[in-house]
Every structure is written in C-alpha cells, then in structure tokens.
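All of the numbers you see were taken from the coordinates with simple rules; none came from a lab. Treat the numbers as computed from the prediction; the structure is a model and nothing was measured. Here Cβ is always computed from backbone atoms with ideal geometry, including for glycine, and neighbour counts include all displayed protein chains.
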Amino acid sequence: MATLVPRTVLITGCSSGIGLAVAVRLAQDPQQRFQVIATMRDLRKKEKLEEAAGPALGKTLSIQRLDVCSDSSVAECMESIPGGRVDVLVNNAGVGHVGPVESISVEEMKRIFETNFFGAVRMIKAVLPDMKRRQSGHIVVISSVMGLQGIVFNDVYAASKFAVEGFCESLAVQLLQFNVFVSMVEPGPVNTDFELKLMEEVSRSEFPGTDPATVRYFKDVYLPASHEIFATLGQSPAAVAEAIVNVIRARRPAFRTQTNSLYTPLVALKYADPSGDLSVRTYYRLLFNYGTLFHLSMAALRCLTCGCFRRRVTPL
Ligand SMILES: NC(=O)c1ccc[n+]([C@@H]2O[C@H](COP(=O)([O-])OP(=O)(O)OC[C@H]3O[C@@H](n4cnc5c(N)ncnc54)[C@H](OP(=O)(O)O)[C@@H]3O)[C@@H](O)[C@H]2O)c1
C-alpha cells in the first residue's frame with residue numbers, strides 16, 4: 001500500500017484565536033495527513049501554541065517567525081521550508097478596526113490594509129510560482145462576512161476584507177487552469193482576542209475630529225449592539241477551525257464558505273436586492289429605529305441556540 005505523503009500547510013497569525021486553533025487541529029490529525037508550519041510575528045508568544053499542540057510539537061507542527069507586513073520576513077520563512085514547497089497556504093493573520101471614520105487617519109487606514117490586504121497578497125505571491133509549477137495547491141484566506149457586507153463603523157476593516165475578496169475572486173479564475181484552488185472562509189463574529197483588542201483600542205481613543213452625535217451613536221448604540229451580537233452569535237475558534245479543515249480536506253474546495261449559519265440570512269439580504277436598498281435600510285432600521293426589536297431578536301436567538309433548549313427538542 002502506498003504511504004500517504006503529508007501535505008505541508010503554512011498558516012499565518014498562529015499566536016492566538018483561529019490561527020492557533022486550526023494549526024493544532026491539523027497537526028493533531030489522527031492520520032497525520034498534514035505537516036503544519038505555524039507562523040507568528042512575535043515568537044515570544046509561542047507558549048500558548050506549544051502547550052495546545054502537545055505531542056504534535058516538533059513532529060507534525062513546527063513554529064516559525066513570519067510577519068506578513070515584511071518582505072524580508074516572508075522570504076526568510078519561505079527559505080527555511082524544504083524546497084519552498086507549500087501545499088496549502090492559510091492566510092489568517094489579520095487586524096480589526098472600528099470607529100467613526102473622521103477619527104481615523106489615512107496612515108492608520110493604510111496600516112489595516114498593510115496587514116489584511118497586502119499581507120495576504122504578499123503571502124500568495126510567495127507561494128504561487130511553486131504551486132503553478134507543480135500544478136497543485138490550495139490558497140485559503142480567512143476573510144469575514146464583512147468582506148461581503150459592510151457594517152456600520154467597520155468601514156476600514158470591511159474595505160480591507162472586500163479588497164482581499166476582489167483580489168482572490170479574480171485570481172481564482174486564472175488559477176483553476178493550474179489546478180490551484182482559492183477558498184475564502186467568511187466567519188461572522190468569533191470569540192477570540194480580536195474583539196478584546198478592538199475594545200481596548202476604542203477605550204483609549206477620544207475620536208478627534210468627530211462630531212458629538214456620531215460619537216454618541218458609536219458609543220451608545222453601536223458598541224452595545226456589537227457586544228450583544230458577539231455574545232449571541234459568536235462562534236468558538238474551534239468551530240471556525242473545523243470549517244477551515246473541511247475546506248482544506250475537500251476534493252473540490254468551494255470558493256466561499258460562511259462558517260456561521262445564524263449570520264447567513266443577514267448577508268443574504270444583499271443578494272436578494274441588487275439595488276442594495278434592502279440591506280442598507282434593514283441594517284439602519286435594526287440599529288437605529290428598532291432597537292427593541294433588535295434586542296428581542298438577540299434574546300430569542302440566545303434562547304433557541306442555548307444547549308438546554310436543544311436538549312429539550314432533540315429526540316432521544
Ligand atoms: N474574531 C472575529 O470576530 C473574526 C471574524 C471574522 C474574521 N476574522 C478574521 O480571522 C482572522 C484571525 O483573527 P482572530 O479572530 O483569530 O483574532 P486574533 O486572535 O487577534 O488573531 C489574529 C492573529 O493575526 C496576527 N497578526 C496580526 N498582524 C500580523 C502580522 N503583521 N504578521 C503576522 N501575524 C499578524 C496576530 O498576531 P499578534 O498576536 O502578534 O498580534 C494574531 O496571531 C483575521 O484575519 C480576522 O480578520 C475574525
């Protein structure tokens with residue numbers, strides 16, 4: 001019987017959250033089908049990953065330094081990989097951003113794009129020539145539902161994810177010719193450090209240049225609603241990792257995968273009405289006009305998705 005050659009999977013941003021979860025999940029595959037190169041920009045943060053990887057560390061999982069914003073760091077990491085061969089690239093590294101647009105400098109916006117857009121592009125460019133030569137490969141990008149649907153006060157983050165969606169959708173067509181697949185994974189809210197980091201940044205900002213009414217909407221309407229959405233609809237990083245593993249294992253991987261079925265109807269509004277009015281107005285009304293309806297829907301969802309309710313309606 002032929003022995004299975006493990007696929008080399010390079011993952012960015014593995015110090016926490018989704019990146020860490022997917023690295024561990026693949027490295028602990030019972031059939032050892034994956035050789036994981038888990039990367040992070042700051043190796044001082046590797047302890048959490050080492051602990052989670054357990055016996056897989058040094059066998060099916062190795063840790064490398066890689067900053068997606070640096071050409072030299074990407075080149076250094078690629079040179080350390082035998083033959084430069086990467087079968088699957090998981091572009092996970094990303095930074096979030098929320099706030100009124102008036103208070104965000106163009107420099108700050110460029111910083112978000114440098115990681116979320118150019119970081120992914122830099123990685124794709126690094127692995128692409130070898131994948132094309134070998135006529136085999138899979139590029140997985142952790143995008144977001146905000147790569148499909150803009151959300152109030154997330155203007156810059158959504159724009160960076162829209163940019164990566166446009167780039168990859170164009171590339172996917174060309175690469176099919178070379179038997180290289182591109183897959184976008186689009187989570188809704190996920191309970192990782194991501195939201196905490198955002199809230200820390202928000203608590204430090206005084207929103208210079210923003211009018212008082214906008215600051216009030218942001219603080220008194222958007223922030224509590226966002227918190228409620230994370231508490232109600234938020235997935236675990238392990239659940240998102242499972243969805244990513246399914247995409248990686250698929251024989252013909254889908255171009256798009258939304259990981260959160262509770263969030264999908266909100267994104268579907270956009271496709272139901274090509275004029276865009278339905279989604280723009282529905283989001284506006286839900287947030288600013290029908291606050292009570294919004295809170296009630298969240299409470300109903302919390303109840304429906306709660307474990308004890310599921311136990312009550314699941315047949316024995
Ligand atoms: N959490 C959500 O609600 C959510 C929803 C949809 C999509 N996503 C996407 O999922 C991905 C992972 O996010 P997460 O939720 O797991 O958040 P997270 O725990 O904050 O993880 C983000 C990771 O990206 C790394 N990173 C940031 N800049 C980097 C750079 N220049 N080079 C290399 N690594 C860098 C971070 O490293 P440091 O520790 O060094 O900062 C961290 O390991 C992101 O692309 C995010 O946009 C998240």
Starting from the Cα-Cα distance between L278 and K132, subtract it from 0.36 nm times their residue separation and give me the gain in nm to one decimal.
48.4 nm
For segment 144-223, the spread of Cα positions along each principal axis, largest first, Å
53, 25, 18
Taking all pairs of different Cα atoms in segment 32-104, averaging 1/r and flipping that mean, what Kirkwood radius in angstroms comes out?
14.3 Å
Taking 0.36 nm per intervening residue step and subtracting the Cα-Cα distance, what contour gain separates T292 from E76 on full extension?
72.4 nm
On a full-extension model of 0.36 nm per residue, what is the gain between E47 and K125, subtracting their alpha-carbon distance, rounded to one decimal in nm?
25.1 nm
So who's got an amide H within less than 5 Å of the one on V182, skipping anything under 5 residues away but keeping other chains? H placed 1.01 Å off N, in plane.
I139
Which chymotrypsin sites (Phe, Trp or Tyr not before Pro) in segment 78-132 pass both tests, a DSSP loop state and at most 14 other beta-carbon atoms within 10 Å?
none
Under a Gaussian network model of the chain whose springs join Cα atoms within less than 10 Å, the largest fluctuation of G150, G83, G137 belongs to G83
Kirkwood Rh in Å, taken over all unlike Cα pairs in segment 75-199:
15.5 Å
Kyte-Doolittle mean at least 0.0 and Cα axial length at least 30 Å: DSSP H helices in the chain
155-176
Could you identify which residue out of Y222, Y263, Y271 has the top mean-square fluctuation in a GNM of the chain using Cα springs shorter than 10 Å?
Y271
For segment 1-160, Rg(Cα) over 2.2 N^0.38 Å is 1.10
The aspartates and glutamates whose Cα lies under 19 Å from the Cα of K132, excluding any fewer than 8 residues away in the same chain, are E79, D87, E169
Long-range amide H partners of R7, meaning residues 5 or more apart or on another chain whose placed amide H is closer than 5 Å, are F34, Q35
May I ask you to sort T257, T39, T264 by Cβ crowding, counting other Cβ atoms within 10 Å and putting the fewest first?
T264, T257, T39
Could you tell me the largest-minus-smallest coordinate of the C-alpha atoms of the chain on each of the three principal axes, in descending order and whole angstroms?
63, 58, 41
